[in-house]
1. From the list V81, V151, which one is assigned by TED's automatic domain parsing to the domain that holds C324, of a type in the set (A, V, I, L, M, F, W, C) and surrounded by 13 or more Cβ atoms within 10 Å (Cβ to Cβ)?
2. Scan the stretch 209-251 for residues that are part of a loop (DSSP other than H, G, I, E, B), touching a Ser or Thr at 6+ places or on another chain (Cβ under 9 Å), modelled with pLDDT of 95 or more and not aliphatic (A, V, I, L, M) and report the count.
3. Can you tell which of K298, K305, K335, K264 is among the basic types (K, R), in contact with a Gly (Cβ under 8 Å, 6 or more places away or on another chain) and either in a helix (DSSP H, G or I) or farther than 18 Å from L187 by Cβ (or both)?
4. Just checking, which of D391, D327, D373 is under 21 Å from N17 (Cβ atoms) and in the same structural domain as S294 (by TED's automatic domain parsing)?
5. When residues of the stretch 370-400 are filtered for being of a type outside the set (S, T, N, Q), in contact (Cβ under 8 Å) with a residue 40 or more places away in the chain and outside any strand (DSSP E or B), how many remain?
6. Filter the stretch 402-419 down to residues that are more than 17 Å from K134 (Cα to Cα) and exposed (fewer than 14 other Cβ atoms within 10 Å of the Cβ) and give me whichever is farthest from the chain's Cα centre (by Cα).
Amino acid sequence: MIDIRLIRENPEVVIKNLKKRNDMEKQKLLEKIIADDTRLRELTQEADELKHRRNLVSEQIAEMKRKAQDANKKIAEMVNVASTIRSYDQEIENLRAGLQNNLMRLPNILHETVPVGTNEEGNVILKEFGSTKKKKFQVKDHIDLGVAIGVIDMERAAKISGARFYFLKGQLAVLEMSLMRYAIDLLAKKKFELVIPPHLMKTDAYKGVIEFEAFQEVLYKIENEDLHLISTSEHPITAMHMNETLLKENLPLRYAGLSTNFRKEAGAHGKDTKGIFRVHQFGKVEQVIICDPSESWKWHEQLLKNAEEIIKSLKIPYRVVNICTGDIGSVAAKKYDIEAWMPAQEKYREIASCSNCTDYQSRRLNIKIREKDGAPPAGLVHTLNSTAVTDRVLVAIMENFQTAAGTIIIPKPLVKYTGFKEIGK
């Protein structure tokens, strides 16, 4: 959430940000926010003056009664004032609620290095790693390969759960667990604490980490409960510190979140319907940082470096992309994507995202920073997140390390976790 003081003191910064995002709807929303905030402050001042007047006249009435003087006119005046105050207070309450709701809908202020663009075509490729040369045999896509070996079953999953679900079986299931453990071990060496979060979150907590109105169509809601299935461990782990003030000396907090995640993939109908790339349930290890604002951009680069280290060590060809203004979403001030080469599709596909959310989430969640014990809060923390690995990396491994014989070679770093070197041999 954007600080209302920024809108009051430097509205041109917010206007420029919305123009970069080419978001006309939010520009109109900003105009309403400015008008409502002006009205709220004026009304609050008027109400305070009336309350002060009421207190003074109440004292006058009491004095008149002590002197046996006629106070009926003053009393009648105060009845009208009290009625006006009640009306003002109700309008103030409504304005505050509406203002808070609308502020939650404004997107974060973008970093100056975010490229300007209207959609994903405006994203900027920063670097590439590995060879994308065609193999000497006809490659299969991951689903045909997995079904042929007998390690993926989409048909039976659809029978019991519907489309976009899958069974991982045998050696591929072992590979998935091995991949997660490999990422966890690498992050543990970098002093990240492993966290397995709740898989359900209340609405208020969820509103702290996302633009809920826009994102809720992706979430699975539990019927008759104020609970939603999580779509990534970043959400509960960041919200874990809601309404807390953290000591600066204890920062940064470094978390490695392990979770099963659930998404409706609303709006993605007809896209990636084949295979396990865009699905309703998937595993992931997520990096989460809560830090002093002065260190957040350093940590943004470090999180990307950690994610790259994992993918690079697996010898998966990939590229890093700086996401543009029209493709970035509302929460991040800057975002990198890592896209892996998929030989069967002959294109790069996103397997990891790395975001600096600055104080956008911490203001919504009320997570503050304190210089030392006993000192007053000194501002808000910054929050960051980055994928370490997801099940999409399985897809990249399967397609990049398949053999002419229809087997899958296990990347060397994972062999000590799987206990085998090849799937389907």
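The values are calculated or read from the model by the stated rules, or taken from the named source; none is laboratory data. All values derive from a computational prediction rather than experimental measurement. FYI the Cβ positions are ideal-geometry reconstructions off the backbone, even for glycines, and counts take in every protein chain you see.
1. V151
2. Qualifying residue count for the region: 5.
3. Details: K298 fails: in contact with a Gly (Cβ under 8 Å, 6 or more places away or on another chain); K305 fails: in contact with a Gly (Cβ under 8 Å, 6 or more places away or on another chain); K264 fails: in contact with a Gly (Cβ under 8 Å, 6 or more places away or on another chain).
Residue meeting the stated conditions: K335.
4. Numbers: D391 fails: under 21 Å from N17 (Cβ atoms); D373 fails: under 21 Å from N17 (Cβ atoms).
Every option except D327 fails the conditions.
5. Matching residues across the stretch 370-400 total 13.
6. Filtering first and then ranking leaves G419.
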